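Worksheet: one structure, shown below.
The values are calculated or read from the model by the stated rules, or taken from the named source; none is laboratory data. Fair warning: this is a prediction, and the values are worked out from it, not measured in the lab. FYI the Cβ positions are ideal-geometry reconstructions off the backbone, even for glycines, and counts take in every protein chain you see.
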Amino acid sequence: MKRIIIASQNKHKIEEIEAITKKFGMSVVSRNDAGLPNTDIEEDGKTFEENSYKKAYEIMRLAGEMTIADDSGLMVDALGGAPGVYSARFSGDGATDRSNNEKLLFMLKDVPAEKRTAKFVSVITMIYPDGDKIVARGECPGSIIFEERGQGGFGYDPLFVPDGYDKTFGELGAEEKNKISHRARALVILEKELKCREKDL
Ligand code: IMP
């Protein structure tokens, strides 16, 4: 089985991505497990696409092997698409899920339910050593409620109700979330692209 190096250390993400790449004969190895230096990759792009590409490309340069990276976040319509690429550090230095969620609720305090629409976005970039790449973007539309609900998931999950549901991502449980999430949708596109190419991996 060929290996593909992933920029992330998030076990959950690695498992989700490997479930797809395995079908194409590729196992996913984290950059640490691949013995790569733990250099910081600054996520200074203005779009998820830029950051996702940057992470995959920097690892590709270090490893000289096929790499994959994902960049994700929340876009809230009433905030002009914020926090967007700043989702992880929305509330500044030392931001935590709690402080980010508090800031989000504060900024939306005067926004009525029907105007609290939002979407989660995930962009997965896969780069081959010859420079060829696949970019897959997945979106999950929904809305932001008025107080946290649910203990599951991470990040903004307790505040986000996906369209067609009445529970937050924090209440739905991993199995249900992973069927409809932005990342799951990006992975469906990645799988289609891999099938189209059928590169000899
Ligand atoms: P990253 O792509 O892992 O850097 O994620 C950026 C940030 O977006 C996270 O720190 C979370 O705040 C938010 N985020 C991304 N995906 C999710 C999700 O599935 N649920 C909740 N928050 C998310």
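Quick notes on this structure:
- Residue satisfying all of: in segment 48-69; touching a residue at least 60 places away in the same chain (Cβ under 8 Å), over 14 Å from the mean Cα position of the chain (by Cα) and in a helix (DSSP H, G or I); nearest to Ala113 (Cα to Cα) among these: Tyr57
- As for segment 70-79, it holds no residue that is in contact with a Pro (Cβ under 6 Å, 6 or more places away or on another chain) and without any contact (Cβ under 8 Å) to a residue 40 or more places away in the chain.
- Filter result (surrounded by fewer than 15 Cβ atoms within 10 Å (Cβ to Cβ) and among the hydrophobic types (A, V, I, L, M, F, W, C)) within segment 106-131: Phe106, Ala113
- Considering the conditions (1) surrounded by fewer than 19 Cβ atoms within 10 Å (Cβ to Cβ); (2) of a type outside the set (Ser, Thr, Tyr); (3) touching a residue at least 60 places away in the same chain (Cβ under 8 Å); (4) not in a helix (DSSP H, G or I), Lys23 is excluded by exactly one of them, (4).
- Among the residues examined, Gly92 qualifies as at positive phi, out of contact with any Cys (no Cβ under 6 Å at 6 or more places or on another chain), outside any helix (DSSP H, G or I) and within 15 Å of the ligand (Cβ to nearest atom).
- Just one of the listed residues (Ile189, Ile180, Ile144) is touching a residue at least 40 places away in the same chain (Cβ under 8 Å), under 18 Å from Lys103 (Cα atoms) and surrounded by 13 or more Cβ atoms within 10 Å (Cβ to Cβ), namely Ile144.
- Of all residues in segment 73-88, those that are at pLDDT 95 or above and either acidic (Asp, Glu) or within 13 Å of the ligand (Cβ to nearest atom) (or both) total 11.
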